[in-house]
Structure formats: structure tokens, C-alpha cells
Amino acid sequence: MLIHEIILGMEILTSNYKTCYHAANLGCKLAGESSNLCRSKITINAKPQLFCAGVDHRSQSFRFHNTNRSFLETPNHEECSRLYNTQGLKVAHSKVFTSNSDSYVIDGDDDVEYISGSGEATTKVLIPGLPDESIGETSASIHSCFWEWKPKLNVHYQKAGCENLRSPPVLFLPGFGVGSFHYENQLKDLGRDYRVWAIDFLGQGMSLPVENPTQRLMEGDGIEGKNSIWGFGDETEPWANKLVYSIDLWRDQVCYFIEEVIGEPVYIVGNSLGGFVALYFAAINPQLVKGVTLLNATPFWGFLPNPIRSPRLAQIFPWSGTFPLPATVRKITEFLWQKISDPKSIAEILEQVYADHSTNVDQVFSRILEITQHPAAAASFASIMCAPQGQLSFRECLIRCKMNNLPICLMYGKEDPWVKPIWGLQVKQQVPEAPYYEISPAGHCPHDEVPEVVNFLLRGYIKNIESHGSAVLPLLDDTESIQHSISRELEFTRKGSRKSVNVLFFGSKFSIWNQIYSYIKSQVAIFNTKS
């Protein structure tokens with residue numbers, strides 16, 4: 001993510017949840033936010049109620065909390081039972097489950113719907129926040145590990161939820177310039193339900209080489225201070241022969257990591273560059289993938305032609321990211337590296353890609369700054385910038401995944417200044433059956449900016465696949481909704497305060513042209529109203 005201001009120019013150029021959504025068409029709004037009262041299908045005289053969807057991490061069942069008294073206060077099961085019985089609401093095969101907090105569990109297939117007084121369903125849904133240890137909630141422990149894939153090339157990764165032996169495995173792939181630390185909110189939360197891993201790509205994060213890939217320069221060669229920068233030597237060390245930090249290398253890294261460390265097919269999730277790698281890997285190794293989730297996935301990577309795909313064209317370019325760096329590349333690298341590794345530049349880029357500036361990015365900033373100070377960082381950056389393209393394009397990867405019937409889920413931050421939603425919508429157009437969630441406000445890294453929302457959607461998506469479709473996708477309440485677009489307002493607590501985002505869902509009948517038509521029609525209506 002650190003150098004997206006430079007490299008993303010090329011990108012722009014080129015469940016348990018079923019009962020949740022049955023019970024929560026959630027046609028209710030917070031008291032005081034609407035004059036419409038929340039009612040069941042049977043007309044009743046009741047104050048507005050708001051129900052929140054929650055997950056019990058032991059029973060994997062969905063819970064609905066009445067929050068009429070206060071946002072943070074959870075009613076006990078007696079009050080919930082009284083609420084349902086006295087207000088005439090329909091409850092199917094319901095039961096009471098006692099966990100850390102008493103709550104009412106709806107566990108059945110019959111519909112429970114709420115509509116507003118105007119007859120239109122409202123859209124607010126309460127979802128769980130991140131685990132809050134200050135109030136006694138337990139988060140999953142994160143373990144930092146290293147795996148030696150090749151000599152001198154150790155892959156750093158983090159894991160959580162290892163004790164969840166029978167739960168689905170989930171692997172997270174980071175964007176460019178960051179590492180596994182960018183997914184700590186996922187590991188702490190989703191690690192309570194699943195076995196979760198996040199890796200650092202070779203040449204990034206803490207997966208930088210442990211030794212200089214080139215022999216050091218001779219003393220007195222006229223280049224001052226370069227002995228402290230790895231990769232600027234005269235000759236390549238044997239272990240680094242033909243080493244180049246390319247998308248093909250990362251694809252192979254993911255393959256061997258799944259085979260040797262995880263040991264079974266996974267749900268793979270990737271942000272930005274990690275999204276492209278996830279899709280690329282899945283297209284070539286479908287037998288190792290249970291599902292792919294793209295978080296503002298980069299639709300393009302690499303400037304130079306691939307030597308296998310275009311051997312003659314590749315011969316035109318004398319250098320393609322291998323070590324050592326040529327003299328001319330060293331000078332360019334020095335100049336660029338001084339600019340992008342400057343703390344002020346890092347802060348400016350983070351401010352650009354995070355749509356909500358109230359998000360605390362101090363830890364992300366410090367971790368990125370720490371990476372830039374590694375002696376191998378500058379030459380690794382140059383290798384990545386000049387690495388060839390992959391053997392398959394993003395579009396070709398999509399076609400292969402579709403042919404292999406691999407489930408794909410799309411989650412895009414609407415306010416991303418680099419990989420704008422139009423890229424996600426193009427993916428949706430190519431794979432109509434893939435659910436598409438557009439989150440706003442959220443920027444290039446929605447998993448870090450609104451982890452509560454991404455975690456909620458991921459849980460529902462995985463549940464849908466694991467149940468072979470018997471659990472509906474997140475935010476849906478029936479099969480008809482899957483065909484069309486819907487909008488929901490998701491609300492959650494963060495550090496004791498309320499926060500909400502809007503999520504727009506597109507179903508299998510989505511069309512870019514229909515979307516453009518709807519936008520034009522809405523603008524015309526606004527213009528007519530003003531005039």
C-alpha cells in the first residue's frame with residue numbers, strides 16, 4: 001500500500017445468517033429517528049424496537065438483542081420472551097441460549113418480518129462489534145511465526161484460532177507495502193470461530209531476506225554508504241539466483257504455504273495486490289480453494305511483459321527485477337525510495353486511502369515505517385516495480401475461476417481513490433453470480449477501516465458456502481432479493497460509541513447499464529425537484 005501513489009496509476013489505467021435476515025428484514029429504525037413505528041405483520045401498539053444480529057461463538061447461532069432500553073444494554077431472555085409473546089411477533093422453533101450475555105435465539109426457517117408504518121422496509125441492522133476486552137469479551141490470541149520456504153527466504157505469518165480444529169481455514173493476503181499486521185482485526189475476531197492465517201509476501205513486511213542477496217561492493221568504489229543497502233552489490237549470491245519479487249513468485253509462495261503449513265483447501269481473502277494474487281492462485285490451483293473474497297482487488301499488476309507468455313517481447317527489456325540492481329536502476333531507486341519512505345509521505349498516503357479520517361492508523365503507520373528501515377527494503381521495492389506481469393491477466397483469472405465454479409465474493413470500499421468501485425462492478429459483470437457488497441464510507445482497505453462490517457460479511461459468506469446455500473448470503477432475506485440490489489445501514493459499537501456504514505448489495509441480475517440508467521434517472525429527478 002505504501003507506494004500505491006506510484007504503482008496504482010497502472011491499475012487505474014488499465015448462515016447462521018439465514019435466520020438473522022428472516023428475523024431481521026429489520027424494518028425498524030431507532031426510536032426518534034423516524035416517525036414510523038416498528039410493527040409486526042399484525043397491527044400492534046408498540047414502541048419502536050431495534051434488533052441486532054449477533055453470533056454466539058460457541059454454538060454458531062445467531063442472536064437478536066432488543067436494544068430499546070439503551071444501545072449497550074442487552075435484555076435477558078425473560079424480557080425477550082415477553083417481548084415476542086406480548087407483541088404478537090412470529091417466532092419459529094425459537095429457543096433461549098445462555099452465553100456471556102443472555103439473549104434470544106431465533107433458530108428456524110419461518111419468516112419473521114417487520115415493516116414500517118409506511119409499508120416500506122427500513123434498512124438498519126445492528127451487527128457485532130470487535131471483541132472488547134475491557135468489558136470481558138475474549139479475542140483470539142495471535143501467534144507470530146516464520147516458515148522457511150527456500151534458503152535465506154523465510155516467510156513471516158500470523159495465525160489465530162488453532163484450537164478450532166473442525167472449523168474452516170481462512171487465509172488473508174495483504175496489499176502492497178504492508179503485511180500480515182494489516183489483518184489483526186480479522187485474526188482477533190474471526191479467530192474465535194475459524195482457523196485464520198495471514199502472510200507477508202516475500203520482499204515485503206517481515207518476509208524480507210535474512211541476508212544480502214548480492215555480494216557487497218568493494219571498498220573505494222566511489223559509491224558512498226551503499227554497503228548498508230542490500231541488493232546493490234556486483235554479483236548475485238547463489239541462493240538469490242533468478243530471484244525476483246513478482247506476482248508469479250507470490251502465487252507459488254501461497255501454494256506451498258497452503259500445502260505445507262495449512263494442509264487443506266482454504267477460504268482465501270485478498271486486499272489490493274493480495275486480491276489479485278488470491279484470484280491468480282485460485283485460477284491455477286482451484287483444488288486448494290474453497291472460496292475467494294476480493295477486497296478492493298488490484299485489477300492489474302506489472303509493467304514488463306511476462307517471459308513465458310511473451311518471450312520475444314520480454315527480450316527487449318535487459319532487466320526485469322533480478323539481483324543485483326543495474327547501476328541506472330540504483331540511482332532511480334535511491335531517488336524514489338527517499339521520497340516514499342519519508343514519514344510525511346507515508347502519512348499523506350494513509351490519509352488519502354482511508355475515507356474515515358477518524359480511523360486510528362498509528363499502528364499501521366509505525367509498522368510501515370519500520371519495514372522501510374530494513375536494509376533489503378529499497379532493492380526489494382525496485383525488484384517489485386520492475387518485475388514482469390503474471391502469466392494470466394486478471395480477466396483470464398476470473399474466467400478460469402468461473403469455469404471451475406469457484407465461489408467469489410466482492411467487497412469494495414466505495415471511497416477508494418485508487419481502485420474505484422467501477423473495477424469491482426466490472427468484475428461483477430463478468431461473474432454475475434458473485435455477491436457484491438459496496439461499503440460506504442470506506443476506502444482502499446475496508447478490512448482495516450470498517451473491520452466490523454467486513455468480518456460480519458465474511459462470516460455470512462463462509463456460512464453460505466459451508467451450508468451449500470441453505471444459509472442465505474449476508475443482508476438477504478429470501479431468494480428473490482438475491483436477484484436484485486438492496487441497501488442496508490449496518491450499525492455497530494466501537495469503543496462505546498455508535499458507528500454506522502451503508503452497504504449496497506448487487507445480485508445476479510446486476511447490470512452496469514441499468515446502474516448508469518438509474519443514476520441518470522435519479523439526477524434528473526433531483527434537477528426537476530430543484531427547478
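The values are calculated or read from the model by the stated rules, or taken from the named source; none is laboratory data. Note that the structure is predicted; figures quoted are calculated from it, not measured. Quick reminder, even Gly has a Cβ in these numbers, built from the backbone with ideal geometry, and neighbours come from all protein chains shown. Only protein heavy atoms, including side chains, enter the accessible area calculation; ligands, DNA and RNA are left aside. Shrake-Rupley method; radii C 1.70, N 1.55, O 1.52, S 1.80 Å.
Could you please give the count of residues in segment 451-495 that are among the β-branched types (Val, Ile, Thr) and assigned to a helix (DSSP H, G or I)? Steps first, please.
In the first step, residues of segment 451-495 are kept if they are among the β-branched types (Val, Ile, Thr); the result is 453-454, 462, 465, 472, 479, 482, 486, 493.
Checking which are assigned to a helix (DSSP H, G or I) leaves us with 453-454, 462, 465, 482.
Of the residues in segment 451-495, 5 are among the β-branched types (Val, Ile, Thr) and assigned to a helix (DSSP H, G or I).
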Exercise. Is one or more of the residues making up segment 307-327 surrounded by 14 or more Cβ atoms within 10 Å (Cβ to Cβ) and within 26 Å of residue 441 (Cα to Cα)?
Worked result: no
Seminar exercise, completed: Checked pairs for segment 343-362, first at pLDDT 95 or above, second open to solvent by 100 Å² or more (accessible area, probe 1.4 Å) and in a helix (DSSP H, G or I), C-beta under 7 Å and 6 or more apart or across chains, list as 345/339; 349/5
Problem set entry | Any chance residue 419 is crowded, with 23+ Cβ neighbours inside 10 Å, touching a helix residue (DSSP H, G or I) at 6+ places or on another chain (Cβ under 9 Å), farther than 29 Å from residue 302 by Cα and aliphatic (A, V, I, L, M) | no
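Only one of these is open to solvent by 20 Å² or more (accessible area, probe 1.4 Å), in a helix (DSSP H, G or I) and under 15 Å from residue 431 (Cβ atoms): 348, 396. Name it. It would help to see each step written out before you state the result.
Details: 348 fails: under 15 Å from residue 431 (Cβ atoms).
When all the criteria are applied, what remains is 396.
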Exercise. Checking residue 447 against (1) closer than 23 Å to residue 363 by Cα; (2) not in a helix (DSSP H, G or I), which single condition isn't satisfied?
Worked result: (2)
Exercise. Given segment 70-186, what strands (runs of 3 or more DSSP E) lie entirely inside it while holding 1 or more residues that are at pLDDT 90 or above?
Worked result: 124-126, 143-150, 153-160, 169-173
For this session: Pick out the one residue from 330, 312, 367 that is at pLDDT 95 or above, in a helix (DSSP H, G or I) and basic (Lys, Arg).
Result: 367
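Going through 458, 473 one at a time, which residue ends up being crowded, with 21+ Cβ neighbours inside 10 Å, within 25 Å of residue 399 (Cβ to Cβ), within 20 Å of the chain's Cα centre (by Cα) and modelled with pLDDT under 95?
From the options 458, 473, the qualifying one is 473.
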Exercise. Can you pull out the residues in segment 422-451 that are open to solvent by 30 Å² or more (accessible area, probe 1.4 Å) and more than 16 Å from the chain's Cα centre (by Cα)?
Worked result: 422, 426, 429, 430, 432, 433
Exercise. Checking residue 241 against (1) at pLDDT 95 or above; (2) closer than 21 Å to residue 326 by Cβ, which single condition isn't satisfied?
Worked result: (1)
For this session: Please determine, by comparing only the residues of segment 496-522 that are open to solvent by 80 Å² or more (accessible area, probe 1.4 Å), assigned to a helix (DSSP H, G or I) and modelled with pLDDT under 80, which one is nearest to residue 449 (Cα to Cα).
Result: 519
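Going by what's in this entry, would residue 288 be described as among the hydrophobic types (A, V, I, L, M, F, W, C) and touching an Asp or Glu at 6+ places or on another chain (Cβ under 8 Å)? Spell out the reasoning first.
Details: among the hydrophobic types (A, V, I, L, M, F, W, C): yes; touching an Asp or Glu at 6+ places or on another chain (Cβ under 8 Å): yes.
So residue 288 passes the test.
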